[in-house]
Amino acid sequence: MACTGDLVSAITELEAEASLLDPGPDRRRQWTAEVSRCAEEYLGTLDAPSEKAYLHPEPEQLRTLQDGFIQDGPTDIDHLLREFRSTIGDVGLRAGHGGHVGYIGTGGVFPSALGDFLAASFNPYSAIETTSPGGVQMNNMLLKWMATLFGYPEGHAGNLTSGGTAAILLAMATARDARKLHSKDFHRAVVYVTKLTHHCYAKALNVIGMYHCVRREVPMDSSYRMDPSRLDGLIKDDIKNDLIPFMIIGTIGTTDVGSVDPVDALADVAARHGAWFHLDAAYGGFFSLCDSTRHFFSGAERSDSIVVDPHKGLFLPYGTGAVLVRKGHLLLRSNTAHSPGLYVQDATERCQAMSPFQLSFELTTHFRAPRLWLPLKLFGLKPFRSALEEKLLLAKYFYYKIQDIPGITTLKPPDLSVVVFYYHDTPLGGSADDFNRRLLDAILKDGRIFLSSTTVDEVFCLRICVLTFRTHLAHIDLCLSVIKECISKVKQ
């Protein structure tokens, strides 16, 4: 009894301290209000003309994060929010800024933050239907809607992921297992890509154990699209050499130049040779919502798998990707070729619908669905479609206007919302690559606009990608003005 009494005393003492983790409604409302105020103040700066898209860090600005080890005692929320704003919001690339036209833009529509708040507050275990039937149904509904955009039939399956890299990893593992490839076959398996295929495919190959497979680079046409006839010839040669045509990766919107591969023609080649046809639509996928670009998706319904990133074309926060597999049982089989843990046997046995844990290598994940569901339901599709159409037109506008600047050469008209260009009229004897590197540095140092670079045909180029939802005509005009100003500075 004395022992029990000591236990109760110790438990009671610890309970009082542990209860601090469960603040009451007044404290919750206070913290929520202060976090909301901090976010609102930051968001209010993203449209201000005086605010920059890129902020260079001051020498001591990040010291508080570097030295701020976690302590035993608490810290006041006002202090923490000031630190967060100064070290996260006021330094580096401001991804939601209308002047962000580098890389592949995003933005983070505000209701997604509210969806994340609900997801984290309710905190369901959304990987299994029996523990969160509504969570699984919300997840599956969103994936079904995405599948309809690409014409996938009933029987498909998919998964919401952290982004395109995790998504292609799932697609590749599914393809490997569907083809019944084993380690003894990997050195004979061939993946067909172009020079512009996103490098995440190589990371995925490494993770699934296929590092030693053959990566075959298919030539492109003058518009930087995979050449189907050259692909067909390469596959025929590989078959003659006892190699296995494992996977063809087509792209709807290459990261570097925004080109779109001829999907239907690639599907023909894949069907002819029994290769898995994967579509990387991480960047370009949601342009399927637009009348002007829907023709690019002809044949997408014939692909075996598709990757698409809502954190790109739907302007959601980073960490929102998706993979879709046309024959869903293959994705299921690839991820359930083992017995689930006995500790969840009662939950898994009662599942009526496919659950996320059966369709991914992930088990415990953030409940990602609300960050899509809330903005899509709250706004409806029309403003998303209009925003995408606007970005397409802004890219065309930039393409035509940038050619009015003397000395500028453009790579090609935009298929989607990427425009690549470079300055060629360098001083006598000067290197164009060196000039364009210095031009990029000058633009980034200015900070009003953030753009990025790439190398195409061994030429150092600058590029813009118009995809941030806050980017409008005024930002593109500012971008053109900054480019002209910086050309003059570099030439001095």
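Listing for the model above:
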{"quantity": "Count of residues meeting criterion [of a type in the set (V, I, T) and in contact with a strand residue (DSSP E or B) (Cβ under 8 Å, 6 or more places away or on another chain)] in region 111-150", "calculated": "0"}
{"quantity": "Failed item, numbered, when V456 is tested on (1) free of Cβ contacts under 8 Å to residues at least 60 places away in the same chain; (2) among the β-branched types (V, I, T); (3) crowded, with 16+ Cβ neighbours inside 10 Å", "calculated": "(1)"}
{"quantity": "Single match in K144, K184 (criterion: more than 30 Å from P375 (Cα to Cα), among the basic types (K, R) and at pLDDT 95 or above)", "calculated": "K184"}
{"quantity": "Only listed residue being closer than 24 Å to V308 by Cβ, out of contact with any strand residue (DSSP E or B) (no Cβ under 7 Å at 6 or more places or on another chain) and surrounded by 14 or more Cβ atoms within 10 Å (Cβ to Cβ), chosen from G108, G89, G163, G102", "calculated": "G108"}
{"quantity": "Selection count, region 67-113, where residues are under 30 Å from L416 (Cα atoms) and in a helix (DSSP H, G or I)", "calculated": "5"}
{"quantity": "Matching residues in region 27-49 - criterion: being aliphatic (A, V, I, L, M), surrounded by 12 or more Cβ atoms within 10 Å (Cβ to Cβ) and over 22 Å from G99 (Cβ atoms)", "calculated": "V35"}
{"quantity": "Test: residue in region 419-428 that is of a type in the set (S, T, N, Q) and either in contact with a helix residue (DSSP H, G or I) (Cβ under 9 Å, 6 or more places away or on another chain) or surrounded by 21 or more Cβ atoms within 10 Å (Cβ to Cβ) (or both)", "calculated": "yes"}
{"quantity": "Odd one out for F69, checked against (1) of a type in the set (F, W, Y); (2) surrounded by 10 or more Cβ atoms within 10 Å (Cβ to Cβ); (3) farther than 30 Å from A474 by Cα", "calculated": "(2)"}
{"quantity": "Candidate set from region 30-64 (those that are more than 24 Å from G108 (Cα to Cα) and assigned to a helix (DSSP H, G or I)); member that is modelled with the lowest pLDDT", "calculated": "T64"}
{"quantity": "Yes/no for D47 being among the charged types (D, E, K, R) and over 34 Å from the mean Cα position of the chain (by Cα)", "calculated": "no"}
{"quantity": "Hits in region 50-65 - residues which are surrounded by 12 or more Cβ atoms within 10 Å (Cβ to Cβ) and over 26 Å from the mean Cα position of the chain (by Cα)", "calculated": "Q61, L62, T64, L65"}
{"quantity": "Yes/no for L170 being touching a Phe, Trp or Tyr at 6+ places or on another chain (Cβ under 9 Å), closer than 18 Å to P356 by Cα and crowded, with 23+ Cβ neighbours inside 10 Å", "calculated": "yes"}
{"quantity": "Inter-residue pairs, beta-carbon under 8 Å, first over 15 Å from A119 (Cβ atoms) and in region 356-376, second among the polar types (S, T, N, Q) and part of a loop (DSSP other than H, G, I, E, B), 6+ apart", "calculated": "Q358/T336"}
{"quantity": "Subset of region 137-158 that is touching a residue at least 12 places away in the same chain (Cβ under 8 Å) and assigned to a loop (DSSP other than H, G, I, E, B) - its residue that is farthest from C290 (Cα to Cα)", "calculated": "G155"}
{"quantity": "Qualifying residue in region 201-215 (condition: closer than 18 Å to A267 by Cα and in contact (Cβ under 8 Å) with a residue 12 or more places away in the chain)", "calculated": "no"}
{"quantity": "Among (1) surrounded by 17 or more Cβ atoms within 10 Å (Cβ to Cβ); (2) touching a residue at least 60 places away in the same chain (Cβ under 8 Å) - the single one L462 does not satisfy", "calculated": "(2)"}
{"quantity": "Residue that is of a type in the set (G, A, S) and either more than 30 Å from L440 (Cβ to Cβ) or in contact with a helix residue (DSSP H, G or I) (Cβ under 7 Å, 6 or more places away or on another chain) (or both), where the choices are G135, G107, G102", "calculated": "G135"}
{"quantity": "Residue count for region 302-322, restricted to those that are touching a Lys or Arg at 6+ places or on another chain (Cβ under 8 Å) and among the acidic types (D, E)", "calculated": "1"}
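The values are calculated or read from the model by the stated rules, or taken from the named source; none is laboratory data. None of these values were measured; they are calculated from a predicted model. Cβ coordinates were reconstructed from backbone atoms using ideal geometry, including for glycine residues, and neighbour counts include every protein chain displayed.
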